[in-house]
Amino acid sequence: MNNKKIIIIVVVLVLLLIIATATVMILFFKKSKLIENKKFSCLAGFTFEYPVFKNWEVKTIEKKGENECIIWFNWPGNILFAVPPNIMVSKTKELGLDYLNGIRIEGISPMDRIPSSFAKTNPQNILYDNISDPTIPPTLRFYGKDFGVRIEAYSTEEMGFGKDQVFFKKVISSFNFLP
């Protein structure tokens, strides 16, 4: 009889654990509501739009020198991060197609080539790479004639930024170099 009680207790505990885990997963990974699209204009020479999600509003945009801006986000209080959620946008001549011409070395990994052999073009016919490598933050690289743009997402895998890449899809579809 004691074995039956132990089995019942174990089964009840396992069921409670499953229910608690499912509840946390539903609350944690539910999609955030898109509240608006904003236009990025912190750096000269290019523009793009990005979505803003409820509870993930833009906290501030910090300009760091002539070629880098960071979009800092608020986030729900029930999520802890080692690095606060942000999007780093960098403008660099090293990603310009004129600079890269002739640098492409055959025989190296397709992900290490710039532009990679997987590069695509967006609706404005801008060449870009969408880098999904577990060793670095999710990254977009756009290649223009004189310079390129790198957009890196830090601590943004949850709540609207996640696996379906809603954020990056909007950036890709709207990115354009200015004359």
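Since every read-out is calculated from the coordinates, none of them should be taken as a lab result. What you see is a predicted model; the values in this text were computed from it and never measured. Note: ideal-geometry Cβ built from the backbone for every residue, glycine included; neighbour counts use all protein chains shown.
Residue 52: net charge of surrounding residues, Cβ under 13 Å, Lys/Arg +1, Asp/Glu -1, itself excluded?
Taking every Cβ under 13 Å from that of residue 52, the sum is +3.
Apply the Karplus curve 6.51 cos²θ - 1.76 cosθ + 1.60, θ = phi - 60°, to the phi angles in region 50-55 and return the couplings in whole Hz, x for Gly and Pro.
Residue by residue, region 50-55 yields 9, x, 10, 10, 4, 6 Hz.
Here are some pairs, 38/64; 33/120; 33/59; 38/169; which of them have Cα atoms lying more than 25 Å apart in this structure?
From the list (38/64; 33/120; 33/59; 38/169), the Cα-Cα distance tops 25 Å for 33/120.
To the nearest 0.05, what FRET efficiency results for residue 80 and residue 42 with a Förster distance of 35 Å applied to their C-beta separation?
With R0 = 35 Å, the Cβ-Cβ based efficiency is 0.80.
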